[in-house]
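The structure under discussion appears below in the form of structure tokens.
The values are calculated or read from the model by the stated rules, or taken from the named source; none is laboratory data. Quick caveat, the model's predicted, so the values are computed rather than measured. Neighbour counts run over all protein chains shown; Cβ positions are idealised from the backbone, glycine included.
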Amino acid sequence: MNSRECSEASVADRPPVCDYEGSDYQTSFWEQGGREYEDQVEAIALRRLLTEPGKLMLELGAGAGRNTPRYASFDRVVLVDYSHTQLLQAQERLGRSDRYIYVAADIYRLPFVSGLFDAATMIRTLHHMADVPQALRQVHRVLQPEAVFILEYANKQNIKAILRYWLGRQSWSPFTPEPVEFADLNFDFHPKAIRMWLEEVGFSIERQLTVSHFRMDVLKHWIPLNLLVKMDSTAQFTGNWWQLSPSVFLRSRASLEGTPAARDEFFCCPECGALLAGEEEGVLPCPQCTLSWSRRDSIYDFREPAA
């Protein structure tokens with residue numbers, strides 16, 4: 001699978017999932033794809049939004065761990081991705097230690113008890129979500145009251161899309177609230193829709209940054225990288241006023257609803273929600289529905305029950 005492909009892994013009555021299993025996305029897109037500009041401006045946005053240290057961070061759509069070192073202010077980081085091979089690449093990058101917990105899981109069915117994490121991020125992941133409200137409800141459920149959630153999304157109301165629409169070169173309007181699926185399980189979203197969904201599930205938005213304003217090959221070719229990054233760094237501050245860049249980062253905060261998880265609670269069964277109290281030889285049995293979930297290569301696998 002190359003960096004632009006994704007397959008659907010779906011079960012009846014579940015939203016389809018974009019699976020990067022076997023993908024060389026980290027190498028072909030980030031390391032060899034001329035994405036230094038995007039990587040650096042995203043790092044700046046994360047530093048500006050994630051200002052509070054914490055104990056347990058949830059990184060959703062962690063992939064090969066590109067952003068994980070940027071969460072150094074947290075004691076532990078849980079990396080969640082649907083792809084087992086992406087998490088193996090993250091292990092190669094970060095190592096196996098108590099600081100990192102690797103979990104292969106479906107974002108629509110997170111295998112964690114409610115109120116567990118004091119912060120979460122979802123970067124370059126929401127654009128694969130066919131059911132955004134359902135995904136955001138799961139994120140809110142596993143966060144502690146008033147926890148910080150940093151979300152990045154692909155913005156359909158960007159300048160390039162607006163110009164193409166006005167020139168008659170694209171049929172869909174960048175101004176309407178519905179998502180646009182420009183490729184299978186690849187969506188662009190309107191900022192108003194994202195804000196509405198966040199608020200509906202219990203998040204309050206605190207700050208917005210617009211990112212990757214100059215994501216054009218001609219600019220990256222003729223303008224030095226450090227200057228391009230400085231230009232984008234300055235332009236990010238317009239995010240609270242308008243959102244016209246292809247990528248938008250925002251910081252939101254979970255509501256006061258719920259209570260923090262108990263100290264000895266962590267995993268729950270993604271099928272029935274029961275607490276998974278212990279691990280037996282690489283298997284986590286559910287005491288309620290009798291399903292079991294496995295751990296291999298130091299990666300917990302909650303995608304499908306163990307055989």
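Annotations
- Leading residue by the ranking (nearest to Glu38 (Cα to Cα)) among those in region 126-157 that are among the aliphatic types (A, V, I, L, M) and part of a helix (DSSP H, G or I): Leu126
- Remark: Ile205 falls outside the filter, which requires a residue to be buried (at least 19 other Cβ atoms within 10 Å of the Cβ) and of a type in the set (A, V, I, L, M).
- When Asp301 is tested against (1) closer than 26 Å to Ser204 by Cβ; (2) modelled with pLDDT of 95 or more, only condition (1) is not met.
- Only one of the listed residues (Gly278, Gly239, Gly202, Gly258) is at pLDDT below 95 and either within 25 Å of Glu146 (Cβ to Cβ) or touching a His at 6+ places or on another chain (Cβ under 8 Å) (or both). That residue is Gly258.
- Those helices (runs of 4 or more DSSP H) of region 190-307 in which 1 or more residues are under 29 Å from Val17 (Cα atoms) and either touching a residue at least 60 places away in the same chain (Cβ under 8 Å) or among the acidic types (Asp, Glu) (or both) occupy 191-201.
- Residue within region 102-110 that is under 14 Å from the mean Cα position of the chain (by Cα), part of a helix (DSSP H, G or I) and surrounded by 22 or more Cβ atoms within 10 Å (Cβ to Cβ) present: yes
- Flag for Thr85 being of a type outside the set (A, V, I, L, M) and over 16 Å from the mean Cα position of the chain (by Cα): yes
- Qualifying residue in region 89-99 (condition: of a type outside the set (Ser, Thr, Tyr), at pLDDT below 90 and not in a loop (DSSP other than H, G, I, E, B)): no
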